[in-house]
Amino acid sequence: MRTQRRSVLRSIGAGMLALTAGCTQTALQTGSTGRKSTEPNTPTDGTIRIATTTSTYDSGIVDALSRAFTDNTGISVQAIAQGTGAALATGRAGDCDVVFVHAPSLEAAFVADGYGIDRCVPMMNDFVIVGPESDPADIGSQRSVSAAFSKIATSETEFISRGDNSGTHIKELELWEHAAIAPSGGWYLEAGQGMGNVLMMAAQRGAYTLTDRGTYLSMGANAPPSLLLSGPVEDGDRSLANPYGAMAVNPDRHEHVRYNFATQYLDFLMSEVGQTLIETYRVNDEPLFVPLADDETGYGSIDE
Amino acid sequence: MALRVENVARRFGETTVFEAVSVTIERGEILALIGPSGAGKSTLLRTLGLFERPEAGTVRVDQTDIWAATERERLTKRRSVGMVFQEPNLFGTTVRRNVEYGLRVRRSWRTRFRDLVPVIGNRTPPQPVVDALSLVGMEDAIETPVESLSGGEAQRVAFARAMAYDPTYLLFDEPTSDLDPRNTAVIEDAVITATRGEIGAVVATHDMHQAQRIADRVALLLDGEVVEIGPTEQLFSSPQDPRTQKFIDGELVY
Amino acid sequence: MITALLSDGYIWSIIRVSLYVSLTAIALSAVLSLPIALIVGVTEFRGKRLLNAVITTGMGFPSVVVGLLVLFAVSNQGPLGPLNLVFTPEAMILSQIVLAAPVITGISLSAIDSVDGGIRDAAYAMGGTRLDVAVVTIKEAKYGIATGILAGFGRAISEVGSVLIVGGNIVSDGSSYTRTLTTAIQLEARQGQFETALVLGAVLLVLVLSVNAIVIRLGSGGGRSR
């Protein structure tokens, strides 16, 4: 049974951990609150900086997790919401302590290059394809993304892409590749904007787009696009899964990062408290995330 | 004890304004400086006023070679010379603060800072300020903002400003050319009164009648040199140099 | 809704950060800019027109670009890395100084340049030292200089590009750390919370309009002494 001792051991052994596909589960006792670590190399200010994506931040889960984490450990959280690429760049520059994004292929590079360690997969949500209620390309009847994309491309119905190398954009490109289609032409628009703006554009233009469920739900009544094809949160196409990876910035690369606190944060995400919070999180009374600490099916794995 | 330039030359780039000019002003006398426009009257006054260093020659204030002295000595000597310009050039504040200016800059920064702090009750203006303004009949306007003054009134205040700190020498660059006869008379009377008090004055003017009215001596600056310098009466009635006669007759005014 | 938002500590913390960053930036910019404006304004030298052009260009420098450059400088990988400024309000102050200083310098310079040379001569003739003459020049140009400072403040408080990039729009423990009115507005708008965005926008507008009102008052009241 993994106990508190293990997390203490890990903290002492800072900087020497090997990459694992999933963090070791640690149960933080509910009684251990506000105990700051007194190991050497601990920065004296109880703050940790997390770089995450705009869609993650906008769902509100980051603030919810931060509040609970601060209540649990006394460590304050500063969260910066950027594009996925920028968040990873921030991690590479050593300007943050934790990177929390949802782009496994980019995360793999980040870790392989030695900038990220202790990667774990605390949760996933999914992507959904939205579009006009009339569904001119008739994708609502399809079961797989490839089929849906095929119909959109063939009918040349307008599709808006993020076009900004975000996690969503990367996912979209992977899905096109998987469907063996190279999208191009007047119907395929690259917006270069955040998810919220792209959804508004899609609503205005009656276009299809790929969106993470979280942003779609939080737009609430503001999002006329209808949800037409769902991912695994509602038992849909598995390839629409949007797994999240959280990792610490490697102190071997950047001495000054608060690795100790980062570890506590990652442990928290994977802990029972964190996982329950994730599972019960609601946006407009709809569930958004699926906790993955116990997942055996390899969502979000970056092992070869 | 005099204000003098000895063999000074002023050049700007390729242009020479004058070479080898020597002029002496004694305390208690008024020297009028006449000559055509552009002859260098203003430049000569600025040299006497220690604005710029001459390209050649010496400037002496009461025996001290100004440009050979230390910065500190030069400042002290400079502060015994004042100047009134053709434009009043008043600072954008009250008459009183303008006239006080000379007194203020001669005090230490700490004293000046203390002066800024408003004191309850009426702060009476310093006596020298009142006296200087009385010389030109402007003592009632002491708290007036300068924007409300007419051109003539402003020039009178400019005169008071130059007098307030008790200068030894005063330079006037065409002080009344923009003024009406009444204000001109006020200024001229004030200049005469001041020099009776042992101030040495130089008045550059294009008005030869003015020179005749107030000056003890006259110098004619023409073609880059002092063509003639002598007692007023003599220069106008029987000038030594033919050019002087021509100038007075109006032939050389270009 | 407006009263609810305005009694919210979170909103006030945002206003506080905005004012802290911009006011500090302006104060420091003024200290930097005024001596430069003074020296350039009163001296005639060969490169003066070129320098003027440089300053004018600086006045219109895109704020995002400034943000990017400052980020590179203060990032832990950059030359100022050891100062630990990245994603702090102090980094935001730095980038706003870069944005505001040219504005303050340019407008003040113009005001100082317009001060009649005769005034400076008069101050000198009355026995003033170089410092005295400088003080007189600044006093004569004071309305123009004040306009420059207020214009600089307007630029700083309204910009979003640089403070977003170097500050990170951070809120910590429910209170703003580097979130300003402008970055908060863009966040709320991005999330579709348009009412909140508009209220924040109204607060910002009130700030900017008050500043402009002061500028206009100075402009018409300028030249008239106390």
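The values are calculated or read from the model by the stated rules, or taken from the named source; none is laboratory data. Note that the structure is a prediction, hence the values are computed from the model and not measured. Here the Cβ positions follow ideal geometry from the backbone for every residue, glycine too, while neighbour counts run over all protein chains shown.
Can you name the number of the only condition in (1) over 15 Å from the mean Cα position of the chain (by Cα); (2) at pLDDT below 90 that B:Thr195 fails?
(1)
With the condition being at the interface with chain C (Cβ under 10 Å from one of its Cβ atoms) and under 13 Å from the mean Cα position of the chain (by Cα), I'd like the helices (runs of 4 or more DSSP H) fully within the stretch B:72-177 carrying at least 3 qualifying residues. Before you say what the answer is, go through the steps one by one.
On the way: elements: B:95-105, B:109-116, B:127-135, B:151-163.
Output list reads B:151-163.
Write out, first by first residue and then by second, each pair whose Cβ atoms fall under 8 Å of each other, whose residues are 6+ apart or on separate chains, and whose first residue, in the stretch A:88-113, is under 21 Å from C:Ala73 (Cα atoms) while the second is part of a loop (DSSP other than H, G, I, E, B) and of a type in the set (Asp, Glu).
Matching pairs, first to second residue: A:Arg92/A:Asp113.
For the stretch B:40-71, enumerate the residues that are among the hydroxyl-bearing types (Ser, Thr, Tyr) and more than 20 Å from the chain's Cα centre (by Cα). Show your work before the answer.
The initial filter retains those residues of the stretch B:40-71 that are among the hydroxyl-bearing types (Ser, Thr, Tyr), namely B:42-43, B:47, B:58, B:64, B:70.
B:Thr70 - this is the single residue of the stretch B:40-71 that is among the hydroxyl-bearing types (Ser, Thr, Tyr) and more than 20 Å from the chain's Cα centre (by Cα).
B:Ala185: within 14 Å of chain C (Cβ to nearest Cβ) and either closer than 24 Å to B:Arg78 by Cβ or not in a loop (DSSP other than H, G, I, E, B) (or both), yes or no?
On the way: within 14 Å of chain C (Cβ to nearest Cβ): no; either closer than 24 Å to B:Arg78 by Cβ or not in a loop (DSSP other than H, G, I, E, B) (or both): yes.
The answer is no for B:Ala185.
Among the numbered conditions (1) surrounded by 20 or more Cβ atoms within 10 Å (Cβ to Cβ); (2) touching a residue at least 40 places away in the same chain (Cβ under 8 Å); (3) away from chain C (no Cβ under 12 Å), tell me where B:Asp62 comes up short.
(1)
Being of a type in the set (A, V, I, L, M, F, W, C) and over 15 Å from A:Ala179 (Cβ atoms) is the filter; apply it to the stretch A:129-169 and report the residue that is surrounded by the fewest Cβ atoms within 10 Å (Cβ to Cβ).
Among those that are of a type in the set (A, V, I, L, M, F, W, C) and over 15 Å from A:Ala179 (Cβ atoms), it is A:Val130.
Do the conditions hold for B:Gln210, that is, is it touching a helix residue (DSSP H, G or I) at 6+ places or on another chain (Cβ under 8 Å), surrounded by 22 or more Cβ atoms within 10 Å (Cβ to Cβ) and at pLDDT 90 or above?
Considered against the rule, which asks whether it is touching a helix residue (DSSP H, G or I) at 6+ places or on another chain (Cβ under 8 Å), surrounded by 22 or more Cβ atoms within 10 Å (Cβ to Cβ) and at pLDDT 90 or above, B:Gln210 comes out as no.
When only residues in the stretch C:144-172 that are free of Cβ contacts under 8 Å to residues at least 60 places away in the same chain and not in a helix (DSSP H, G or I) count, which is farthest from the other protein chains (Cβ to nearest Cβ)?
C:Asn169
Give the number of residues within the stretch C:173-190 that are within 11 Å of chain A (Cβ to nearest Cβ), over 19 Å from the mean Cα position of the chain (by Cα) and in a helix (DSSP H, G or I).
Number satisfying all stated conditions: 5.
Any idea which residue in the stretch C:82-119 is modelled with the highest pLDDT, counting only those that are within 14 Å of chain B (Cβ to nearest Cβ) and surrounded by fewer than 19 Cβ atoms within 10 Å (Cβ to Cβ)?
C:Gly118
When you go through A:Thr215, A:Thr211 one by one, which is the residue that is β-branched (Val, Ile, Thr), within 16 Å of the chain's Cα centre (by Cα), in a helix (DSSP H, G or I) and within 14 Å of chain C (Cβ to nearest Cβ)? Show your work before the answer.
On the way: A:Thr211 fails: in a helix (DSSP H, G or I).
Just one listed residue meets the conditions, A:Thr215.
Right, C:Val171: of a type outside the set (Phe, Trp, Tyr), within 23 Å of C:Val86 (Cβ to Cβ) and in contact with a Lys or Arg (Cβ under 6 Å, 6 or more places away or on another chain) or not?
yes
Would you call A:Gly140 out of contact with any Lys or Arg (no Cβ under 7 Å at 6 or more places or on another chain) and modelled with pLDDT under 90?
Numbers: out of contact with any Lys or Arg (no Cβ under 7 Å at 6 or more places or on another chain): yes; modelled with pLDDT under 90: yes.
Yes.
Please give the helices (runs of 4 or more DSSP H) falling wholly within the stretch C:27-118 in which 3 or more residues are more than 30 Å from A:Arg258 (Cα to Cα) and touching a Gly at 6+ places or on another chain (Cβ under 7 Å).
Numbers: elements: C:48-59, C:63-74, C:89-113.
In the stretch C:27-118, C:48-59, C:89-113 are the helices (runs of 4 or more DSSP H) which contain 3 or more residues that are more than 30 Å from A:Arg258 (Cα to Cα) and touching a Gly at 6+ places or on another chain (Cβ under 7 Å).
Out of the residues in the stretch A:248-262 that are more than 13 Å from chain C (Cβ to nearest Cβ) and touching a helix residue (DSSP H, G or I) at 6+ places or on another chain (Cβ under 6 Å), which is farthest from C:Ser75 (Cα to Cα)?
By that ranking, first place goes to A:Asn260.
For A:Gly196, which of the numbered conditions (1) surrounded by fewer than 18 Cβ atoms within 10 Å (Cβ to Cβ); (2) in contact (Cβ under 8 Å) with a residue 24 or more places away in the chain; (3) within 14 Å of chain C (Cβ to nearest Cβ) fails to hold?
(1)
Looking only at the stretch B:28-38, count every residue that is on the phi > 0 side of the Ramachandran plot and surrounded by 19 or more Cβ atoms within 10 Å (Cβ to Cβ) and tell me the total.
Residues that pass the stated criteria total 1.
Any chance you could count how many residues in the stretch B:2-57 are touching a residue at least 40 places away in the same chain (Cβ under 8 Å), of a type outside the set (Lys, Arg) and assigned to a strand (DSSP E or B)?
Residues flagged as touching a residue at least 40 places away in the same chain (Cβ under 8 Å), of a type outside the set (Lys, Arg) and assigned to a strand (DSSP E or B) within the stretch B:2-57 amount to 24.
Scan the stretch B:39-55 and give yes if some residue there is of a type outside the set (Gly, Ala, Ser), surrounded by fewer than 19 Cβ atoms within 10 Å (Cβ to Cβ) and touching a Lys or Arg at 6+ places or on another chain (Cβ under 7 Å), otherwise no.
yes
Among (1) over 21 Å from B:Val61 (Cβ atoms); (2) crowded, with 16+ Cβ neighbours inside 10 Å; (3) of a type in the set (Ser, Thr, Tyr), there is one condition B:Tyr169 misses while meeting the rest; what is its number?
All conditions are met except number (1).
Does C:Ala125 fit the bill of being crowded, with 22+ Cβ neighbours inside 10 Å, touching a strand residue (DSSP E or B) at 6+ places or on another chain (Cβ under 6 Å) and away from chain A (no Cβ under 14 Å)?
Yes.
Select from the stretch C:28-47 the residues that are exposed (fewer than 14 other Cβ atoms within 10 Å of the Cβ) and not hydroxyl-bearing (Ser, Thr, Tyr) and write down the one among them that is modelled with the lowest pLDDT. Give the steps one after another, and end with the answer.
Going through the stretch C:28-47, the residues exposed (fewer than 14 other Cβ atoms within 10 Å of the Cβ) turn out to be C:31, C:35, C:39, C:43-47.
Restricting the remaining residues to those that are not hydroxyl-bearing (Ser, Thr, Tyr) gives C:31, C:35, C:39, C:44-47.
Numbers: C:Val31: 95, C:Pro35: 91, C:Ile39: 87, C:Glu44: 78, C:Phe45: 83, C:Arg46: 84, C:Gly47: 85.
Filtering the stretch C:28-47 for residues that are exposed (fewer than 14 other Cβ atoms within 10 Å of the Cβ) and not hydroxyl-bearing (Ser, Thr, Tyr), the one modelled with the lowest pLDDT comes out as C:Glu44.
With respect to A:Phe127, determine if the residue is closer than 25 Å to A:Arg238 by Cβ, touching a Gly at 6+ places or on another chain (Cβ under 7 Å) and either hydrophobic (A, V, I, L, M, F, W, C) or without any contact (Cβ under 8 Å) to a residue 24 or more places away in the chain (or both).
yes
Restricting attention to the stretch A:218-241, and to residues there that are touching a Gly at 6+ places or on another chain (Cβ under 7 Å) and more than 14 Å from chain C (Cβ to nearest Cβ), which single residue is nearest to C:Ser75 (Cα to Cα)?
Per the criteria, the residue is A:Ala241.
Has the stretch C:133-143 got at least one residue that is within 19 Å of the chain's Cα centre (by Cα), part of a helix (DSSP H, G or I), away from chain A (no Cβ under 14 Å) and closer than 20 Å to A:Gln78 by Cα?
no
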